[in-house]
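**Q** Below you'll find the structure I mean.
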Amino acid sequence: MFKHLALAATVAAFGTAAVADGHGAVKVGMITTLSGGGAGLGIDVRDGFMLAINQSGNTNIEVIIEDDQRKPEIAVQLADKMIQSEKVDVMTGIIWSNLAMAVVPAATAQGKFYLSPNAGPSALAGRGCHPNYFNVAWQNDNLHEAAGAYANSAGYTNSFILAPNYPAGQDALTGYKRQYGGELAGEVFTKLGQTDYAAEIAQIRASGADSVFFFLPGGMGISFLKQYADSGVDLPVVGPAFSFDQGILQAVGAAALGVVNTSQWNKDIDNATNAAFVESFQAEYGRLPSLYASQGFDTANLLLSAMASADVNDTDAFRAALKAADFASTRGDFAFADNHHPIQDIYVREVIQEGDVFTNRIIGTALTDHSDVYGADCKM
Amino acid sequence: MSLILLIEQVLNGLQFGVTLFLMAAGLTLVFGVMGLINLAHGSLFMVGAFAAAAVAGATGSFVLALGAALAAAAAAGALVEVLVIRRLYARDHLDQVLATFALILIFSEGTRWVFGSFPLYLNIPAALSGPISLPGGIEYSTYRLFLIGVGIAVAIGLGLLITRSRLGIQIRAGESDREMIAALGIDISRLYTIVFALGAALAGLAGALVGAIQSVQVGMGEPVLILAFVVIVIGGIGSIKGALVGAVLVGLTDTLGKLLLPGMFALFMPASSAATVGSALASMAIYILMAAVLIWRPTGLFGVRA
């Protein structure tokens, strides 16, 4: 079945012969999550990526798409297959940080380029950075840092913070505390995959906090928000965009209305690229794009911009072309820091209802031209 | 720590326990009566939640949604029993595990096919939303109180069914000697289908009830399934009473462990690492409980089988 999927999704463009402008064809291997609980994220990244490729009309690019089922061992197998038998030039697609850690170092060590459309573990931004690794989304801490900065500006002085007990959850609380200047009313690590938050909500109620920060991606966030809204606790909530992206807002429903969240992208960022992206994504797939879709779209456009000015076989030139980030991002200003992670603005959004659809609008900017703290450790 | 917080957490533990009981009751019946390990029980939980979300979305009625969850899960259970499970009774547990694991994959991908990859919306009915004030100034979620009520009602009903009704007698007889009741002229394959559908319906009901406060998504059943197995191992396989006591024990241990352990570690550790260590230990607490019970009583609290 997965083979079938891959075949169906492959862009039929076997332009292996050199083309008129002198730059060779590029073969892209995309490993992403297309089945199981986290499939919504991978599907959005894939759809955003393919939208940009199809819009470019570039027949010089071939994309092979495979499903990692959110399992590191499968991602590693797929990566080996793509590198050794498919001989791809560029890899992309991985959603989850633990899968990225299993695949990216090996891929870049074998001379492949890796463009991350989502995962940004700190290990790949600091000491473990690599010249061939580019992150087009964010370093994992970024949106949490923005939430901390927002909490300061909103005048919160006593936050209750919670996240799942795994590396990205610990990074989230660290990121929040890095910017946040107030006291902590409580700090709780929940179980990864936990679905019932009654105990934590009771603690929040008893803690005397003036605000709540949480990082609970996917289904965990849906459960938390529904239960929080029903509990009668009415402290303001702030979180990163992951619990408020377009894919899950409809499942949360009115419980999310008015919640403040931080994101590097939103559909109302005012630039021509973004307006065209939102419109064409809706026309193509019949739903509003999420931030994951925007990241997939930007990743593809970065790749296309590099292909336009360098040959992928000339590694140094291609790397320089990627580093230049000479493409129109849906986010507006976009540049790479020296550790190949984004320098970008991070916005504060609020959940609103437009007709029947729950979505976000930007209400301010949390951090301007923000990069990450790990870059100082990156030597390349 | 205030008394109010502690009482609220005990209620939370109780509520978590009775919803686990709905899952564990079906599992322990099927395991006890038919000797079958059914890993796909979590999928029936998911079927119930999706059926409820679909019907609630179409009609807006929570009662209809609960009915749909019961019907859909029972139908899926009966269908699976007739098509697949029936062939597995005589096989060993490994074959059963393999076949029912395959059923998990089929149910998950099938659900994704029909409903898509994004979580569905199912919410608490307006009549039960919001908090309610209990004596002593405790604010507690009305819906969670309702869940406790439903769980206790189902436990009583199931207890009566097993001890007082003709079907209950047949189930208990099938548990202790299946050849004998077959020889007495009871249609054992029909009995098995009924028991399996009953267990499935309870799982579906749990899925719908829990789906309203959690996320209705593919794969939502598997984490609950693991807890349900812990419950029936603690309670003793095949015992409804054991499932109830085990479920409440697991619910209270998990909830109070999460509340108390980080606080205990904070007495002699910095707050941040106490939170990490305490919550890590809290997530192990129910398994430590299970190990302790098994050392004390290897067949579980109310288990009879050697």
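**Q** When both residues are 6+ apart or on different chains and their Cβ atoms are under 7 Å apart, which pairs have a first residue that lies in region A:265-277 and is part of a helix (DSSP H, G or I), and a second that is hydrophobic (A, V, I, L, M, F, W, C) and open to solvent by 40 Å² or more (accessible area, probe 1.4 Å)?
**A** That search, which allows pairs on different chains as well, returns A:T273/A:A328.
Here's the yes/no breakdown for (1) among the acidic types (D, E); (2) in contact with a Phe, Trp or Tyr (Cβ under 9 Å, 6 or more places away or on another chain):
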| position | (1), (2) |
| --- | --- |
| A:L288 | no, yes |
| A:L302 | no, yes |
| A:R319 | no, yes |
| A:D333 | yes, no |
| A:D338 | yes, no |
| A:Q344 | no, yes |
| A:Y374 | no, no |
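**Q** Out of all the residues in region A:1-26, which are open to solvent by less than 50 Å² (accessible area, probe 1.4 Å), outside any loop (DSSP other than H, G, I, E, B) and either in contact with a Ser or Thr (Cβ under 9 Å, 6 or more places away or on another chain) or at pLDDT below 50 (or both)?
**A** A:A6, A:A9, listed by residue number.
**Q** So, in region A:246-269, exactly how many residues are open to solvent by 10 Å² or more (accessible area, probe 1.4 Å), within 21 Å of A:G296 (Cβ to Cβ) and within 13 Å of chain B (Cβ to nearest Cβ)? Spell out how you get there, then give the answer.
**A** Looking only at region A:246-269, we keep the residues that are open to solvent by 10 Å² or more (accessible area, probe 1.4 Å), and these are A:246-248, A:250, A:254-255, A:257-260, A:267-269.
From what is left, the residues that are within 21 Å of A:G296 (Cβ to Cβ) are A:246-248, A:250, A:267-269.
Filter once more, keeping what is within 13 Å of chain B (Cβ to nearest Cβ): A:246-248, A:250.
Final tally of qualifying residues: 4.
**Q** A follow-up question, please. Filtering region A:227-245 down to residues that are in a strand (DSSP E or B) and within 20 Å of the chain's Cα centre (by Cα), which residue is farthest from the other protein chains (Cβ to nearest Cβ)?
**A** Residues of region A:227-245 that are in a strand (DSSP E or B), as a first pass: A:237-240.
Applying the additional criterion that residues be within 20 Å of the chain's Cα centre (by Cα) yields A:238-240.
Working: A:V238: 19, A:G239: 15, A:P240: 17 Å.
Among them, the one singled out is A:V238.
**Q** Condition (residue is outside any helix (DSSP H, G or I) and open to solvent by 20 Å² or more (accessible area, probe 1.4 Å)) applied to region B:149-167: is it met by at least one residue?
**A** Yes, there is a match, as at least one residue in region B:149-167 is outside any helix (DSSP H, G or I) and open to solvent by 20 Å² or more (accessible area, probe 1.4 Å).
**Q** All but one of (1) assigned to a loop (DSSP other than H, G, I, E, B); (2) more than 23 Å from A:N274 (Cα to Cα); (3) open to solvent by 10 Å² or more (accessible area, probe 1.4 Å) hold for A:N339; which doesn't?
**A** (3)
**Q** Next question, about the same structure. Residues of region A:159-178 being at pLDDT below 95 and among the polar types (S, T, N, Q), which ones?
**A** Within region A:159-178, A:N165, A:Q170, A:T174 meet the criteria.
**Q** Still on this structure: So the check is Cβ under 9 Å with 6+ separation or different chains; which pairs have a first residue in region A:205-226 that's more than 8 Å from every other protein chain (Cβ to nearest Cβ) and a second one that's among the charged types (D, E, K, R) and open to solvent by 10 Å² or more (accessible area, probe 1.4 Å)?
**A** A:F215/A:D171
**Q** Let me confirm something: among B:A90, B:A99, B:A65, B:A78, which residue is open to solvent by 20 Å² or more (accessible area, probe 1.4 Å) and within 26 Å of B:V210 (Cα to Cα)? Don't jump to the end; show me each part of the working.
**A** Values: B:A90 fails: within 26 Å of B:V210 (Cα to Cα); B:A99 fails: within 26 Å of B:V210 (Cα to Cα); B:A65 fails: open to solvent by 20 Å² or more (accessible area, probe 1.4 Å).
Checking each option against the conditions leaves just B:A78.
**Q** To continue, here is another question. Under the condition of being more than 30 Å from A:Y176 (Cα to Cα) and in a helix (DSSP H, G or I), which residue from region A:279-299 is least open to solvent (accessible area, probe 1.4 Å)? Walk me through how you get there before you give the answer.
**A** Taking region A:279-299 as the starting set, the residues that turn out to be more than 30 Å from A:Y176 (Cα to Cα) are A:279-287.
Now restrict to residues that are in a helix (DSSP H, G or I): A:279-285.
On the way: A:E279: 134, A:S280: 29, A:F281: 0, A:Q282: 86, A:A283: 88, A:E284: 114, A:Y285: 64 Å².
Residue satisfying both the conditions and the ranking: A:F281.
**Q** When region A:35-50 is examined, which residues are found to be touching a Phe, Trp or Tyr at 6+ places or on another chain (Cβ under 9 Å) and either within 20 Å of A:M220 (Cβ to Cβ) or open to solvent by less than 10 Å² (accessible area, probe 1.4 Å) (or both)?
**A** Listed by number, the residues that qualify are A:S35, A:G38, A:A39, A:G40, A:L41, A:G42, A:I43, A:D44, A:V45, A:G48, A:F49.
**Q** Could I ask something else about it? So, in region A:116-148, exactly how many residues are more than 15 Å from the chain's Cα centre (by Cα), at pLDDT below 95 and within 18 Å of A:N266 (Cβ to Cβ)?
**A** Total meeting the criteria: 0.
**Q** Condition check: in a helix (DSSP H, G or I) and more than 25 Å from B:A49 (Cβ to Cβ). Does A:Q203 satisfy that?
**A** So A:Q203 passes the test.
**Q** Looking at region B:1-52, which of its residues are open to solvent by 10 Å² or more (accessible area, probe 1.4 Å) and either within 24 Å of B:L88 (Cβ to Cβ) or more than 14 Å from chain A (Cβ to nearest Cβ) (or both)?
**A** B:F31, B:G35, B:I37, B:L39, B:V47, B:A51, listed by residue number.
**Q** A further question follows. Give all pairs with beta carbons closer than 9 Å in which a residue from region B:1-17 that is within 14 Å of B:L249 (Cβ to Cβ) and of a type in the set (K, R) meets a residue that is open to solvent by 60 Å² or more (accessible area, probe 1.4 Å) and in a helix (DSSP H, G or I); count only pairs at least 6 apart in sequence or on separate chains.
**A** Every condition considered, no pair remains.
**Q** Limited to region A:52-78, what total is found for residues that are out of contact with any Leu (no Cβ under 6 Å at 6 or more places or on another chain), assigned to a helix (DSSP H, G or I) and either closer than 23 Å to A:A168 by Cα or open to solvent by 10 Å² or more (accessible area, probe 1.4 Å) (or both)?
**A** The total comes to 7.
**Q** Right, here's the next one. Quick one: in region B:109-140, of everything that is hydroxyl-bearing (S, T, Y) and without any contact (Cβ under 8 Å) to a residue 60 or more places away in the chain, which residue is farthest from the other protein chains (Cβ to nearest Cβ)?
**A** Here is the first cut: in region B:109-140, the ones hydroxyl-bearing (S, T, Y) are B:111, B:117, B:121, B:129, B:133, B:140.
Filter again for without any contact (Cβ under 8 Å) to a residue 60 or more places away in the chain, leaving B:129, B:133.
Working: B:S129: 6, B:S133: 9 Å.
My answer is B:S133.
The values are calculated or read from the model by the stated rules, or taken from the named source; none is laboratory data. Predicted, not measured: the structure shown is a model, and the values here were computed from it. Every residue, glycine as well, gets a Cβ built from its backbone with ideal geometry; the counts of neighbours run over all protein chains shown. For the accessible areas, the whole protein counts, side chains as well, though only heavy atoms, and no ligand, DNA or RNA atoms are used. Shrake-Rupley method; radii C 1.70, N 1.55, O 1.52, S 1.80 Å.
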